[in-house]
1. Taking segment 134-170 as the search range and keeping residues that are without any contact (Cβ under 8 Å) to a residue 40 or more places away in the chain and not in a helix (DSSP H, G or I), which one is nearest to residue 305 (Cα to Cα)?
2. Taking the condition of being touching a helix residue (DSSP H, G or I) at 6+ places or on another chain (Cβ under 6 Å) and surrounded by fewer than 24 Cβ atoms within 10 Å (Cβ to Cβ), how many residues in segment 74-102 meet it?
3. Considering only residues that are open to solvent by 30 Å² or more (accessible area, probe 1.4 Å) and not β-branched (Val, Ile, Thr), look in segment 29-42 and name the one that is modelled with the lowest pLDDT.
4. Step by step: first the residues of segment 52-73, then only those that are farther than 15 Å from residue 99 by Cβ and not in a strand (DSSP E or B), then the one that is least open to solvent (accessible area, probe 1.4 Å). Which residue is that?
5. How many residues does segment 289-310 hold that are over 16 Å from the mean Cα position of the chain (by Cα) and closer than 13 Å to residue 58 by Cβ?
6. Consider only pairs whose beta carbons are under 8 Å apart and that are at least six residues apart or on different chains; among these, list those whose first residue lies in segment 102-118 and is within 19 Å of residue 328 (Cα to Cα) and part of a helix (DSSP H, G or I) and whose second residue is open to solvent by less than 10 Å² (accessible area, probe 1.4 Å) and modelled with pLDDT under 95.
7. So which residues in segment 171-204 are buried (at least 18 other Cβ atoms within 10 Å of the Cβ) and either assigned to a loop (DSSP other than H, G, I, E, B) or touching a Cys at 6+ places or on another chain (Cβ under 8 Å) (or both)?
8. Determine, yes or no, whether residue 275 is of a type outside the set (Val, Ile, Thr), open to solvent by less than 10 Å² (accessible area, probe 1.4 Å), within 20 Å of residue 58 (Cβ to Cβ) and in a loop (DSSP other than H, G, I, E, B).
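The values are calculated or read from the model by the stated rules, or taken from the named source; none is laboratory data. Computed from a prediction, not measured in an experiment: that's the story for all the values here. No Cβ is skipped: glycine too gets one built from the backbone with ideal geometry, and neighbour counts run over all protein chains shown. Ligands, DNA and RNA are excluded from the accessible area calculation, which covers all protein heavy atoms including side chains. Shrake-Rupley method; radii C 1.70, N 1.55, O 1.52, S 1.80 Å.
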Amino acid sequence: MRFARFIAACLALAVTGTGTGNAVAQDAVKIGIVVPMTGSLAAIGREISDASKLYMAQHGDTVAGKKIELIIRDDAGAPDNAKRLAQDLIVNDKVNFLGAGLTPSAMSMAPIVTEAKVATVVMVSGTSVVTERSPYYVRTSFTIGQQSGIIADWAIKNGSRSAVSIVSDWAPGAEGARVFEANFTKGGGQVLETLKVPLANPDFAPFLQHARDLRPDTLFVFVPAGQAGTFARQFSERGLDKSGIRVIGPGDIVDDDDLPTMGDALIGVVTAGMYSAAHPSQLNRDYASAYKKATGHRANFISVGGYDGMNLIYEALKKTAGNLDADTVVGAMKGMQWESPRGPISIDPRTRDIVQNIYIRRVQKVGGEPWAIEFETFPAVKDPVKEAAEK
């Protein structure tokens, strides 16, 4: 036991010693991003990697007189891998910034990030509590609550009264279901049951059948990006696309990376999301075009988390004139605002969380392909979980 504590202390000293001290001494700025590049959620890592590289290609690899070096590490979606890789990036690669991916990985990295004092951009995770795990976490992705609460309010306003929730069995799914139910019941609706689907290798069919047997008027669905295609196929196979049950959810279920291959299964589905590749701004048209040209596939909401994450790092470096002290950098990030391909966004100076528009979108065929077409905007939405806790 004493030996274990001794080793842990040595590692802590190594991390602390190589964190801010080497950051100041280096001429180059190293950004280490930890995301799944293999496994069932590999598409998420690919989108972050592609978007980060596109940002650098468009904006150059020198900021505030310092050369930018991007390092991508594959955690395969495993939290233990993410923790080990983050430590390796800090101790051996001497990174100045980290990029965090999925919720379990971001949670596992937090103690190391805090000990080493490394400014870290949360580019994927949508679980509210993640940014509270380290004072050096700043989010450019989204929170599930931002979308789940708004889609519940929209559903009630448009006649929904009974719902069944189908969510992936992990922290974001639990949070999405909880926020949806709170808003839905507050508006006079009833959630008949919440069904939790295993995250790894999910089979949605039995859950869809059970939901259908309960005969709700609305089905609230949350599955992570990369699994939407499987859900859509099984949804159609079970005949729910013709059942008359309204399907709603956060934007993940109509992920732009999956939509082109979904056929007509989700036509008419309404979601609340922070980004659609069909967002009608010139900035987004340019971004979506450049992303498609560089990668061969459609830009999606995961990709803009990476793209805006790189922008946040670049702009913070400009604001600090290249000062790499983590507290100074995070201080520069707080309150920062800019125009993203998704629309206007900012960093809440109190929570270090993203503030952004949430759009109500309906899946429609345009040019022979399904797209999430925006028809209503909720501007400058903060994370409702943190806002409720503050009251």
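1. Step one: of segment 134-170, the residues without any contact (Cβ under 8 Å) to a residue 40 or more places away in the chain are 134, 153, 156-158, 169.
In the following step, the residues that additionally are not in a helix (DSSP H, G or I) were identified as 134, 158, 169.
Numbers: 134: 19, 158: 30, 169: 23 Å.
The qualifying residue nearest to residue 305 (Cα to Cα) is 134.
2. Final tally of qualifying residues: 5.
3. Taking segment 29-42 and keeping what is open to solvent by 30 Å² or more (accessible area, probe 1.4 Å), we get 30, 37-40.
Imposing the further condition that a residue be not β-branched (Val, Ile, Thr) reduces the set to 30, 37, 39-40.
Working: 30: 98, 37: 97, 39: 90, 40: 83.
Going through the qualifying residues, I end up with 40.
4. Step one: filter segment 52-73 for residues farther than 15 Å from residue 99 by Cβ, giving 57-67.
When the remaining residues are screened for being not in a strand (DSSP E or B), the result is 57-61, 64-65.
Details: 57: 84, 58: 86, 59: 88, 60: 28, 61: 59, 64: 49, 65: 74 Å².
Out of the qualifying residues, it is 60.
5. 5
6. As it stands, the answer is 112/15; 115/15; 115/19; 116/15; 116/19, since those pairs meet every condition given.
7. Scanning segment 171-204 gives 189, 199, 202, 204.
8. Numbers: of a type outside the set (Val, Ile, Thr): yes; open to solvent by less than 10 Å² (accessible area, probe 1.4 Å): yes; within 20 Å of residue 58 (Cβ to Cβ): yes; in a loop (DSSP other than H, G, I, E, B): yes.
Answer is yes for this residue.
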